[in-house]
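For reference, the structure I am asking about is given below.
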Amino acid sequence: MAEVITVDDFPGYLAKPAGECKGGLIIVHEVWGLSDHMKDVTERFAAEGYLALAPDLLSETGIYEKVTPGLAEDLFNPETRNQAQPKIRELMTPLQEPGFGEQTVKKLRACFDYLAKDEMTGGQVAIVGFCFGGTYAFGLAAAERHLKAAVPFYGHSDQSVEQLKDINCPILAFYGEKDERLITALPELKHKMSEAGVDFTAQVYPNCGHAFFNDTNRFAYNEAAAKDAWQKTLDFLAAHI
């Protein structure tokens with residue numbers, strides 16, 4: 001069962017397990033927002049036994065009015081990428097505003113509190129995020145010491161070593177080897193995680209780029225990697241919450 005709810009003053013999509021609940025799970029969407037794809041992913045986690053909450057973190061930015069049909073595919077299609085990139089840069093402008101990151105982490109902490117207080121979860125809450133959401137999965141891990149696990153898919157971590165020391169949960173991060181910007185930054189991230197004492201595991205899939213888990217994007221999706229990452233995510237969550 002799934003429904004649209006309000007957490008504090010922003011919307012979210014809540015999917016409940018049919019049987020026994022294994023814990024609470026925050027699902028953080030890609031930069032395209034709370035799409036049908038992300039609602040489907042949320043329902044898939046609920047079917048695995050989690051009380052899954054996907055907050056809409058972009059509802060106040062005006063982004064939805066600017067996302068045209070096919071824009072995500074155009075960005076990944078080599079023939080249309082150059083035309084799509086200026087549109088993406090314009091789309092991202094609200095996310096660069098001062099205070100946006102702080103407010104977004106605040107919303108995620110509200111989601112954590114919502115799930116932690118639900119008797120179904122027993123206070124056991126983890127986070128899974130994709131792209132934009134992967135970045136903020138790192139962000140919540142550094143901000144909420146009671147988080148049980150974090151699974152960022154192709155997210156960026158810009159925290160300092162001192163900020164990473166606040167992370168109190170294991171992290172399993174997924175990347176595609178063709179995702180050049182993140183792969184280039186990964187060795188330094190591993191070093192910083194090690195220095196901060198974080199239990200950090202990075203899984204890099206060959207012949208994959210960014211957004212390889214998104215089965216609605218024919219230019220990005222990699223079925224083999226997506227299936228393997230899904231199972232590894234379920235195993236990781238089962239081990240920690």
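Would you be able to say whether some residue in the stretch 185-202 is within 14 Å of Ile26 (Cα to Cα) and modelled with pLDDT of 95 or more? Give the derivation first.
Quick first cut of the stretch 185-202, residues within 14 Å of Ile26 (Cα to Cα) only: none.
No, that holds for no residue.
Follow-up question, since we're still on this one. Does the stretch 145-152 contain any residue that is modelled with pLDDT of 95 or more, among the β-branched types (Val, Ile, Thr) and more than 20 Å from Val41 (Cα to Cα)?
no
Cβ-Cβ under 7 Å, sequence separation 6+ or interchain: first residue in the stretch 69-88 and in contact (Cβ under 8 Å) with a residue 40 or more places away in the chain, partner surrounded by 15 or more Cβ atoms within 10 Å (Cβ to Cβ) and not small (Gly, Ala, Ser). Which pairs?
Within 7 Å, the pairs are Ala72/Trp32; Ala72/Asn217; Glu73/Asn217; Glu73/Phe219; Phe76/Asn217; Phe76/Phe219; Asn77/Phe219.
Then there is this: Would you mind stating whether Thr42 is more than 20 Å from Phe100 (Cβ to Cβ), of a type in the set (Val, Ile, Thr) and in contact with an Asp or Glu (Cβ under 6 Å, 6 or more places away or on another chain)? Please lay out each step first, then the result.
Details: more than 20 Å from Phe100 (Cβ to Cβ): yes; of a type in the set (Val, Ile, Thr): yes; in contact with an Asp or Glu (Cβ under 6 Å, 6 or more places away or on another chain): no.
It is false that Thr42 is more than 20 Å from Phe100 (Cβ to Cβ), of a type in the set (Val, Ile, Thr) and in contact with an Asp or Glu (Cβ under 6 Å, 6 or more places away or on another chain).
Also: Quickly run through the stretch 196-229 and pick out the residues that are in contact (Cβ under 8 Å) with a residue 60 or more places away in the chain and not charged (D, E, K, R).
Of all residues in the stretch 196-229, those in contact (Cβ under 8 Å) with a residue 60 or more places away in the chain come to 209-211, 213-220, 229.
If the condition is that a residue be in contact (Cβ under 8 Å) with a residue 60 or more places away in the chain and not charged (D, E, K, R), then Gly209, His210, Ala211, Phe213, Asn214, Thr216, Asn217, Phe219, Ala220, Ala229 are the ones that fit.
Here's another thing I want to ask about it. Scan the stretch 15-41 for residues that are among the aliphatic types (A, V, I, L, M), at pLDDT 95 or above and more than 26 Å from His210 (Cα to Cα) and jot them down.
Selection gives Ala15 alone.
So which of Leu91, Leu51, Leu71 ends up being over 24 Å from Ser157 (Cα atoms), crowded, with 18+ Cβ neighbours inside 10 Å and of a type in the set (A, V, I, L, M, F, W, C)?
Working: Leu91 fails: over 24 Å from Ser157 (Cα atoms); Leu71 fails: crowded, with 18+ Cβ neighbours inside 10 Å.
Criteria check complete, one pass: Leu51.
State all residues of the stretch 8-34 that are hydrophobic (A, V, I, L, M, F, W, C), under 18 Å from Gly101 (Cα atoms) and outside any loop (DSSP other than H, G, I, E, B); if no residue qualifies, say none.
Phe10, Ile26, Ile27, Val28
What single numbered condition from (1) assigned to a helix (DSSP H, G or I); (2) surrounded by fewer than 20 Cβ atoms within 10 Å (Cβ to Cβ); (3) of a type outside the set (A, V, I, L, M, F, W, C); (4) touching a residue at least 60 places away in the same chain (Cβ under 8 Å) fails to hold for Gly134?
Only one criterion is unmet by Gly134, namely (2).
So for the stretch 142-156 (the condition being under 12 Å from the mean Cα position of the chain (by Cα), part of a loop (DSSP other than H, G, I, E, B) and over 19 Å from Lys232 (Cβ atoms)), does at least one residue qualify?
Keep residues of the stretch 142-156 that are under 12 Å from the mean Cα position of the chain (by Cα), which gives 150-156.
Narrowing the set further to residues that are part of a loop (DSSP other than H, G, I, E, B) leaves 154-156.
Of the ones still in play, those that are also over 19 Å from Lys232 (Cβ atoms) are 156.
Yes, there is a match, as at least one residue in the stretch 142-156 is under 12 Å from the mean Cα position of the chain (by Cα), part of a loop (DSSP other than H, G, I, E, B) and over 19 Å from Lys232 (Cβ atoms).
Looking for whichever is surrounded by fewer than 18 Cβ atoms within 10 Å (Cβ to Cβ) and of a type in the set (Phe, Trp, Tyr) here; the options are Phe76, Phe100, Phe45. Which one fits?
Numbers: Phe76 fails: surrounded by fewer than 18 Cβ atoms within 10 Å (Cβ to Cβ); Phe45 fails: surrounded by fewer than 18 Cβ atoms within 10 Å (Cβ to Cβ).
Of the residues listed, the single one that is surrounded by fewer than 18 Cβ atoms within 10 Å (Cβ to Cβ) and of a type in the set (Phe, Trp, Tyr) is Phe100.
Here's another thing I want to ask about it. Inside the stretch 23-50, can you point out the residues that are within 19 Å of Cys131 (Cα to Cα) and of a type in the set (Ser, Thr, Tyr)?
If the condition is that a residue be within 19 Å of Cys131 (Cα to Cα) and of a type in the set (Ser, Thr, Tyr), then Ser35, Thr42 are the ones that fit.
Return only the number of the condition from (1) touching a Gly at 6+ places or on another chain (Cβ under 7 Å); (2) surrounded by fewer than 16 Cβ atoms within 10 Å (Cβ to Cβ); (3) not polar (S, T, N, Q) that Glu60 does not satisfy.
(1)
Of all residues in the stretch 189-233, count the ones that are of a type in the set (Lys, Arg), within 20 Å of Met38 (Cα to Cα) and either surrounded by 13 or more Cβ atoms within 10 Å (Cβ to Cβ) or touching a Cys at 6+ places or on another chain (Cβ under 9 Å) (or both). Break it down stepwise before answering.
Residues of the stretch 189-233 that are of a type in the set (Lys, Arg), as a first pass: 190, 192, 218, 227, 232.
Checking the rest, the ones that are also within 20 Å of Met38 (Cα to Cα) come to 218, 227, 232.
Cutting the leftovers down to either surrounded by 13 or more Cβ atoms within 10 Å (Cβ to Cβ) or touching a Cys at 6+ places or on another chain (Cβ under 9 Å) (or both) gives us 232.
Residues that pass the stated criteria total 1.
The values are calculated or read from the model by the stated rules, or taken from the named source; none is laboratory data. In this text, all values refer to a predicted model and were calculated from it rather than measured experimentally. Note that we place each Cβ from the backbone using ideal geometry, even for glycine, and neighbour counts take in every protein chain shown.
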